[in-house]
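Chemist: Structure incoming, see below.
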Amino acid sequence: MIRITIQIIKNKDFNVKRKLLILLLLFVTLAGKTQERKYFSLFTDRNLYTSGETLLFKIFGPENESSGIIHIDLINASGKKIVEINKKTTDHQADGFIYLPDSLSSGYYLLCTSTRNNPTLTFNQIYICNRFTGIPEAGTAIRSSETMIVAENQVNDLEIKGINKTSQTRSKVQATIHLPGKLLSQIKGNLWVSIAETISGYNSESFLKSIKPKEDQIVEKDGVILEGFVKDFKTGEPFKNGIVFLSIPDSIPRFNFYRTGSDGYFYFQFDNYYGKIPVVIQGLDPERKRLVKIVLNHQESVPAGISSFENWTVPPELRKIAAQNIDALTFRKIFNQQEITIQPGSRPKAEAYPFYGVPTSVIDPHPFIDLPDFTEISRELLPGVKFRAYNRIPSLQVLNSAMHAYFEDPPLLLIDGIPIHDLNIVKPLGSKDIDRVEICNGERFYGDLAFPGVVAIYTSKSNFSRIVESDDLIKFNLDVIQPAAQLNIPSEKLQNEPDLRKVLLWKPSLKPEETVRLDFETSDIRGSFKLLVRGTTSDGSVFYKEQIFEVN
């Protein structure tokens, strides 16, 4: 059985109280059997980065984790979030990437891994050097002094063959990994194998933080959750029995709604959406008596925060390699060499028809004479639709074909799939602005919502720019699940360009076999590189084997 060990790195400035706190946290978090661990193991491709680069990460989650979505945040020394990433797990593992903004100043940053219901945060320290200013001339920097490293056991009988102690630049290498039978039978999930630049004597440090998880017990199984509150616009108090509409504009739009309770809370879950999607959230009083305000629940900083810091002397080797990395990144920018290729993410299967059902009629205004506004379009082209203005106040009614009479209440009016309550928005729309109009002449139901007819307008631009944000309506692009990415390897056609890769191989999800073959090519970067193999076993522990070689 492979057992995980815990190593406490003791700094000279540690006092007794801090030691006791760390040991207490260690005991509470890790007490019990190995398979009962509740924290995440977070690893990055390297320890030193330049702003403007791409960071690659791998996560091993605990077996008892109920959430299928892991949140990864890049935060600064004060705990403020800079980048937020959501990843979906497979066999309690996940891998992804973070584009490091060019604007980041040189210094220590933290990656924070969490789920909605897990009471433990995992932090991993990295150093980022600004590519325009470099490392400051001052010889010291600050870093978190909470340096509890969760160190896995190295598996000595896992063999790595085919890698010499020294390799030349631009040389092809064939290596093999041999897994012992006993280990192979215990491995849970896939292996992670990487080959990247390493700095001797400089390692990332990790620590854990306990937090109070959310009490609502909502589990992000297949997608992220967007939540917030509906409040009375005048009083700011929670709005009871409000309705919140969620719209995802598309050629076949998606729609959902939520009725708030006494606390005004609402939430929506976006199952199996990848990348960025346009989202419109709007709230209303179903009795149309009071104005409401939508407040999204978004945390700008990590709840646990960072408790303590210490001065740290920047090693000369780190300063030297940081300067070399800046030069390498500059050349990669000049030649537009992208480090990764993002794989297209899947989307939920498109419905055969919109949420309001099969329309009674679909009208394309383009074959007809151009009409200047929606009043003329409704009068000339839309059967069973009455759009009129009395004393300059527009009104809209739809024919109830079953009763051969118009509904007294206004229908559900949509622009590009988004519900609209202000008829003045559609009033100026002419034939050139509209792609098609779908009409439902009859009562339609969605859940317990009843609509006295539907008029769905799809515009030519399909960018819903006519819909203006307000206190009760918010529109934005939502980052949902990050799609997978693949490390770019230069092709033969680009051999005349400089090859400045610092990550030579990135295989985050290799199937474990008795013999695993690895083919890679060194770049023009000289220095130390590390081949690293990691995985988890059925008892919950994380194992690794590494081999360092030089490129010159």
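Chemist: Collect the residues in the range 371-397 that are without any contact (Cβ under 8 Å) to a residue 40 or more places away in the chain and of a type in the set (A, V, I, L, M), keeping them in residue-number order.
Modeler: A389, I393
Chemist: Determine whether F368 is open to solvent by 70 Å² or more (accessible area, probe 1.4 Å) and either within 28 Å of R288 (Cα to Cα) or touching a residue at least 12 places away in the same chain (Cβ under 8 Å) (or both).
Modeler: Considered against the rule, which asks whether it is open to solvent by 70 Å² or more (accessible area, probe 1.4 Å) and either within 28 Å of R288 (Cα to Cα) or touching a residue at least 12 places away in the same chain (Cβ under 8 Å) (or both), F368 comes out as yes.
Chemist: List pairs: first in the range 271-286 and in contact (Cβ under 8 Å) with a residue 12 or more places away in the chain and of a type in the set (D, E, K, R), second open to solvent by less than 10 Å² (accessible area, probe 1.4 Å) and not in a loop (DSSP other than H, G, I, E, B), Cβ under 7 Å, 6+ apart or cross-chain?
Modeler: From the range 271-286, the pairs are D271/G223; D285/V292.
Chemist: How many residues are buried (at least 17 other Cβ atoms within 10 Å of the Cβ), hydrophobic (A, V, I, L, M, F, W, C) and farther than 11 Å from E443 by Cα when one looks only at the range 388-407?
Modeler: Here the count works out to 1.
Chemist: Among the candidates N64, N118, N15, N47, single out the residue that is in the same structural domain as Y202 (by TED's automatic domain parsing), open to solvent by 50 Å² or more (accessible area, probe 1.4 Å) and either modelled with pLDDT under 50 or closer than 29 Å to E546 by Cβ (or both).
Modeler: Sole residue among the options that is in the same structural domain as Y202 (by TED's automatic domain parsing), open to solvent by 50 Å² or more (accessible area, probe 1.4 Å) and either modelled with pLDDT under 50 or closer than 29 Å to E546 by Cβ (or both): N64.
Chemist: Can you confirm whether T235 is over 22 Å from the mean Cα position of the chain (by Cα) and surrounded by 15 or more Cβ atoms within 10 Å (Cβ to Cβ)? Don't jump to the end; show me each part of the working.
Modeler: On the way: over 22 Å from the mean Cα position of the chain (by Cα): yes; surrounded by 15 or more Cβ atoms within 10 Å (Cβ to Cβ): no.
No: the conditions fail for T235.
Chemist: I would also like to ask the following. From the residues in the range 434-466 that are closer than 22 Å to V279 by Cα and charged (D, E, K, R), which one is most open to solvent (accessible area, probe 1.4 Å)?
Modeler: My answer is K461.
Chemist: Is the range 161-175 home to any residue that is of a type outside the set (S, T, Y), modelled with pLDDT of 95 or more, more than 18 Å from R319 (Cβ to Cβ) and in contact with a His (Cβ under 8 Å, 6 or more places away or on another chain)?
Modeler: yes
Chemist: Here's something else I'd like to know. Please pick out the residue among G201, G189 that is in contact (Cβ under 8 Å) with a residue 60 or more places away in the chain, open to solvent by 60 Å² or more (accessible area, probe 1.4 Å), assigned by TED's automatic domain parsing to the domain that holds K80 and on the phi > 0 side of the Ramachandran plot.
Modeler: On the way: G189 fails: open to solvent by 60 Å² or more (accessible area, probe 1.4 Å).
Only one candidate passes the filter, namely G201.
Chemist: So which residues in the range 149-160 are modelled with pLDDT under 95 and outside any loop (DSSP other than H, G, I, E, B), if there are any at all?
Modeler: Residues satisfying the conditions are I149, V150, A151, N153, Q154.
The values are calculated or read from the model by the stated rules, or taken from the named source; none is laboratory data. Only a predicted model underlies this, so the values are computations on that prediction, with no experimental measurement involved. Cβ coordinates were reconstructed from backbone atoms using ideal geometry, including for glycine residues, and neighbour counts include every protein chain displayed. We work out accessible area using only protein heavy atoms, side chains counted, and drop any ligands, DNA or RNA first. Shrake-Rupley method; radii C 1.70, N 1.55, O 1.52, S 1.80 Å.
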